């Protein structure tokens, strides 16, 4: 057997003895323990567990949020549609997933694209709740300088920003309000599709708004081909624009890419939602104008005078119930369109004269009473910009501080208004832009000064305050005026057929089965304008609601335990 010579090097012994005598820096116990702790922190003990939970002592996620993050990590490979209902914490789920991938060393560079009004909110939440060093994009140079950037999608897609974004290779992209990508022909869709990305999260409470095809478009951004091509998807899974077929097969495919938690599943305990429907009498002056405008609108509808769509004409009646200011703006626009010799010009001028007789509004008075009784922060929603200005003025005259919030504001001004509402003002007066995205859990009172015809828009409004993190019961006050179009809408949509309680997507399914040849708004408009008397209108509305309820009940009986809309 061959002998292998072995030699020993003992030169290190003298150095070791010297270090031990002098207590050298390399053998300090505290430094050794610190190095050991650092190494342990980089170890992932279990692939299926969330290591991020050990690094977020300030955050206690709900079980459904933890489960969603695990599912994206272990089954969806970082590509998912987070489609929880409004208020269930999709932002928390996205933050957990991003943090987990960062801890695992799989994500270093990330881009979060959100509506402009939510950039600062997202940035604050990522920093405060997840200790993620996110920055809000403000300057052109920031695209390359920062690894975690929150930006407006509208800013990112336009020059010169677009070129900088396209040059980057992102480990993860998160897109909030992703239902705005539903059209695969849009510039937003094309822009997102071209971004270089390894992982991608799409956040939306409404994965299907109008057509099943929208769902196909969203899924194709993440996993092209998983639902087949567009033609085969239509043939296999679509029965009409809004109704799916082969639901079990479609459900199985969607589970690979979409997570949807709903309030009715009972995963989360929410505070109570207390609704007050308040009906008011118009003043004699308001009634005189309302009756005159109603007659005018019906005459123009029957004569097909070309002053705009029926829906835009009936808006006049709704504006009278809101404010004289909103009514005047619309009437003035009609007046401007009339030729000098048009008999309509004189008629419209007479209507504008009736506006001058109105000194105050019944709803505005009631709003003032409610705000004084509440003596706490209140959000007031209106449909009209002119009404917003009017309400802010009368609040000021009554010594109540308020701030406006509307879509035309720049991002910085929206953030400023939100901050002022939280720290100083008692009232936030919002148009529909205030019903999307922002979190206002510090407030628990909402006054719907004007009610929209789409119940989901009301749900979006309430979702600003009635969401995870709300510790108090939420009070909603719906104002309407008796003997007007508002009363009929409140009766039909929010009481008789309970659209207020419907889940997302259910309304579209019912309307599709009713096979109406026009939208819900247009169908109701025809009922209002074509009725010769209030009694005839009530009969038509009752018939409509009865038919609606019949379809609703038949759908409940036929509904599968799991469906596309209830995933």
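The values are calculated or read from the model by the stated rules, or taken from the named source; none is laboratory data. In this text the structure is predicted, and so the values were computed from the model without any measurement. Using ideal geometry, Cβ is built from the backbone for each residue, glycine included, and neighbour counts are taken over all protein chains shown.
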Flagged in the range 441-462 as within 17 Å of the chain's Cα centre (by Cα), surrounded by fewer than 21 Cβ atoms within 10 Å (Cβ to Cβ) and modelled with pLDDT of 80 or more, in numbering order, are 441, 452
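Okay, residues lined up against (1) more than 15 Å from the chain's Cα centre (by Cα); (2) under 21 Å from residue 165 (Cα atoms):
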site: 69; (1), (2): yes, no
site: 80; (1), (2): yes, no
site: 84; (1), (2): no, no
site: 89; (1), (2): no, no
site: 98; (1), (2): yes, yes
site: 104; (1), (2): yes, no
site: 108; (1), (2): yes, yes
site: 113; (1), (2): no, yes
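Any chance the range 226-241 includes a residue that's touching a residue at least 40 places away in the same chain (Cβ under 8 Å), buried (at least 16 other Cβ atoms within 10 Å of the Cβ) and in contact with a helix residue (DSSP H, G or I) (Cβ under 6 Å, 6 or more places away or on another chain)?
No, the conditions are met nowhere in the range 226-241.
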*asked:* Criterion first (loosely packed, with under 10 Cβ neighbours inside 10 Å and modelled with pLDDT of 70 or more) does residue 58 satisfy it?
replied: yes
Among the residues of the range 357-374, the number that are part of a helix (DSSP H, G or I) and surrounded by fewer than 16 Cβ atoms within 10 Å (Cβ to Cβ) is 4
Among residues of the range 375-403 being part of a helix (DSSP H, G or I) and without any contact (Cβ under 8 Å) to a residue 60 or more places away in the chain, the residue farthest from residue 458 (Cα to Cα) is 397
Residue 194 fails exactly one of (1) free of Cβ contacts under 8 Å to residues at least 12 places away in the same chain; (2) in contact with a helix residue (DSSP H, G or I) (Cβ under 7 Å, 6 or more places away or on another chain), namely (1)
Filtering the range 66-111 for residues that are part of a loop (DSSP other than H, G, I, E, B) and closer than 24 Å to residue 270 by Cβ leaves a count of 7
So is residue 433 surrounded by fewer than 17 Cβ atoms within 10 Å (Cβ to Cβ), modelled with pLDDT under 95, within 20 Å of residue 323 (Cα to Cα) and outside the structural domain of residue 323 (by TED's automatic domain parsing) or not?
-> yes
Filter result for residue 276 (in a strand (DSSP E or B) and within 30 Å of residue 478 (Cβ to Cβ)) = yes
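From the set of residues in the range 404-426 that are under 21 Å from the mean Cα position of the chain (by Cα) and not in a helix (DSSP H, G or I), which is modelled with the highest pLDDT?
First, the residues of the range 404-426 that are under 21 Å from the mean Cα position of the chain (by Cα): 404-419, 421-422.
Subsequent filtering for residues that are not in a helix (DSSP H, G or I) retains 404-410.
Working: 404: 94, 405: 91, 406: 87, 407: 77, 408: 77, 409: 81, 410: 78.
The selected residue is 404.
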Checked the range 334-354 for anything surrounded by 13 or more Cβ atoms within 10 Å (Cβ to Cβ) and either within 38 Å of the chain's Cα centre (by Cα) or outside any helix (DSSP H, G or I) (or both); matches are 334, 335, 337, 338, 342, 352
Per the filter on the range 473-497, residues modelled with pLDDT of 80 or more and surrounded by fewer than 18 Cβ atoms within 10 Å (Cβ to Cβ) are 473, 482, 483, 487
Within the range 254-271, of all residues that are part of a loop (DSSP other than H, G, I, E, B) and touching a strand residue (DSSP E or B) at 6+ places or on another chain (Cβ under 7 Å), the one modelled with the highest pLDDT is 257
Exception for residue 283 within (1) out of contact with any strand residue (DSSP E or B) (no Cβ under 7 Å at 6 or more places or on another chain); (2) assigned by TED's automatic domain parsing to the domain that holds residue 74; (3) at pLDDT 85 or above falls at (2)
Those residues of the range 86-116 which are within 20 Å of residue 468 (Cα to Cα) and modelled with pLDDT under 90 amount to 86, 87, 88, 89
Residues of the range 54-65 being in contact (Cβ under 8 Å) with a residue 60 or more places away in the chain, part of a helix (DSSP H, G or I) and in contact with a helix residue (DSSP H, G or I) (Cβ under 7 Å, 6 or more places away or on another chain), in sequence order, are 55
